[in-house]
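Below: one structure, written as structure tokens.
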Amino acid sequence: MGLMTCPCATSASNPQIVNQISSKSLSGPEIKEISQLLGIQVGKTLDLNRVDQELKRVFLNGKFGDVRIFSEQKKHLNTLFIEGVKLKKVGVVDWSQIDSKILEESGVEKMLSSGQKVEIKELKTVTGRIKSALEDHGYADPNVDYRLVPTSDQDIMDIHFLVDKKDRTIVREIMFKGVDQDIKEGLLSRLRFREGDFFDKAVVEKSSQLLLEYLINNQYPGAKVKWGIEKSETNPNEVLVIFDVSVGTRYRFFFKGNEFLETNTLRSLIGFDLLNQSDATIRIKRTLEDKYRSLGYHFVLVDVDMSPPGKEAIVSVNVQVVEGPKVLVDSVVFDGLWSDSLGNPASLFFENAVGVLKRRIFWEAGIEESTQQFVNNLRERGFLSASVTGPRVFFSDDRKGVQLFYDLQLGNLYEIKKISFKGNSNVPTQSLLEVLPFGVGDTLNRDALKAASEGLKTKIQSSGFLDVKVTVEERTSEVAPGNRIEGTEVVFQIEEGPRYFVGTIQVEGLVRTMEKVVRREIVIQSGEPFDPEKV
């Protein structure tokens, strides 16, 4: 409900006198009310600056919506047009003529609530949703309307929704297009409705999904199902439900050699998006091998052959699998200086590994991410320059085990020796220290520093400094020879900015609840520093 002002060109040197006020969308009393709100009077000069300011207030108080102002000058007569809509508060909404299922599906109850301000045209959207939901349940061309009931308060209206469902539509016939008779029988058995049932869009849609699943499970991975309705020529309350089916090419799958993975699992990985490619055999081979390798079968080999359709118009897909052994990670070795405070390096690697690597099962594709997470863990624990190269991979003679060798550069340990704040002239240092998730003597963690900066920002904003900026610096001292611990000072630079205070607190939109009841729950007070969390 935006507000816009478009008066004709005028200026302080060429003031504009309002000779009359008119409107095509507002009644006489409404024109009078909004003219008073905007400070517009017949016979007086039009004050554009005041009109602009008052328009903002009109928008905030919610009495009028979509306000537009423009002028028209004929001869020496200047007419000011004010267009818009008078907003009303919703009182009691009567949904009693609408079934609970229709209310839930249409979502209209969430669109209207007591105390809400609405335009009358918004109610047409509500009736449209109700009508659409009724039609989905087979009610042909239902009448849905509303009645506005005045209350003792002229700004509040009760709303009663009126529904005339008429006769419900019946499914006279179910038709299938694009399939042979033998397939039709199988499709009919999957439907959730029969001829003679009431039409229900949700039930037909669910049946359409079941038909598609049936076709895919019966070797038609490229099948498509669409549905529509046609009204009966003899009875307006009867419809024909028509399913337009495209089965596409039929495929027959043969799997050999698979023991670890069941045939149904492998079959589910071969979708029509693969079968429809010009290099389908290569893509299927790669997909199945990737699946096996993600489970530790590194040496798996898959051969795929697709024969052209024969007399039965069926494409045969032959898949031969040589699974090979499952490969376990026998050991992970790190060559380089290590800190005993970190525990066992191999255990730390597996704790941070991904997929089956976490269970010491070899998965080549997961090595890179697992290695990076291992390094990230070291850096989070204060070894900010930690790095590794590798791994070098060595398989056992029977190919059932593997060893991973890394070169490790652990670097120095960074510890926090001092924490200081610069620029916090209004917020005590002690209260800021209490926000930090770390203290002096802890290892330095850059992710924790970022989180601490956000925590400090929230803390300072709670004192009214909404525009505060917080940055963090690390100041590292020189390290003595042979010492692998670097002391670091953490400095938080703070720019507080202006301080904001709570002004007037207004409560609007109440219909039945007393204002003092609401104010008892408000935890902010006029004059105190503005705290976003309290609001």
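Points to keep in mind about this one:
- Long-range amide H partners of Gly336 with built H, under 5 Å: Leu408
- Considering only beta bridges that DSSP places wholly inside the chain, some 60 percent are antiparallel.
- Taking all Cα pairs closer than 8 Å and separated by 6 or more residues, the relative contact order of the stretch 225-355 comes to 22 percent.
- Cα-based equivalent ellipsoid of the stretch 413-495: semi-axis lengths in Å, sorted from largest, via gyration tensor: 27, 11, 10
- Stokes-Einstein diffusion coefficient of the stretch 170-246, Kirkwood radius over Cα pairs, 20 °C, 1.002 mPa s, in µm²/s: 169 µm²/s
- Measuring nothing but how far apart in sequence close Cα pairs (under 8 Å, 6+ apart) lie, relative to its length, the chain scores a relative contact order of 7 percent.
- Translational diffusion coefficient (Stokes-Einstein; Kirkwood radius from C-alpha pairs) of the chain at 25 °C, 0.890 mPa s, in µm²/s: 74 µm²/s
- Unit Cα scatterers, Debye sum, the stretch 20-86: log10 I(q)/I(0) for q = 0.14, 0.17, 0.23, 0.26 Å⁻¹: -0.38, -0.56, -1.03, -1.29
- Amide proton proximity set for Glu486, modelled H, under 5 Å, gap of 5+: Leu413, Tyr414, Glu415
- FRET efficiency for Lys166 and Lys226, using Cβ-Cβ distance with R0 set to 25 Å, rounded to 0.05: 0.35
- Straight-distance candidates among the aspartates and glutamates for linking to Lys226, with alpha-carbon spacing under 18 Å and chain neighbours fewer than 8 residues away dropped: Asp136, Glu173, Asp180, Glu185, Asp200, Glu205, Glu213, Asp244.
- Cα-centre dipole for the stretch 267-412 with unit charges at Cβ (Lys and Arg positive, Asp and Glu negative), debye to 20: 280 debye
- Mean ellipticity per residue at 222 nm, deg cm²/dmol - from DSSP H runs of n ≥ 4 across the chain, formula -39500 (n - 2.57): -8000 deg cm²/dmol
- Based on the reciprocal of the average 1/r between different C-alpha atoms, the Kirkwood radius for the stretch 365-447 equals 16.1 Å.
- If R0 is 51 Å, the Cβ-Cβ spacing of Val333 and Gln430 corresponds to a FRET efficiency of close to 0.60.
- Here, the stretch 49-113 yields an orientationally averaged convex hull projection of 7.3 nm² when only Cα atoms define the hull.
- Expected-Rg normalisation [2.2 N^0.38 Å, Cα atoms] applied to the stretch 93-140: 1.15
- Scaling the Cα radius of gyration of the stretch 250-322 by the globular reference 2.2 N^0.38 Å produces a ratio of 1.08.
- Each Cα pair under 8 Å and six or more residues apart adds its separation to the average, and for the stretch 413-495 the resulting relative contact order is 43 percent.
FYI, it's all coordinate maths here, none of it is from the lab. From a predicted model like this one, the values you see are computed outputs, not experimental measurements. We place every Cβ from the backbone using ideal geometry, glycine too, and count neighbours over all the protein chains shown.
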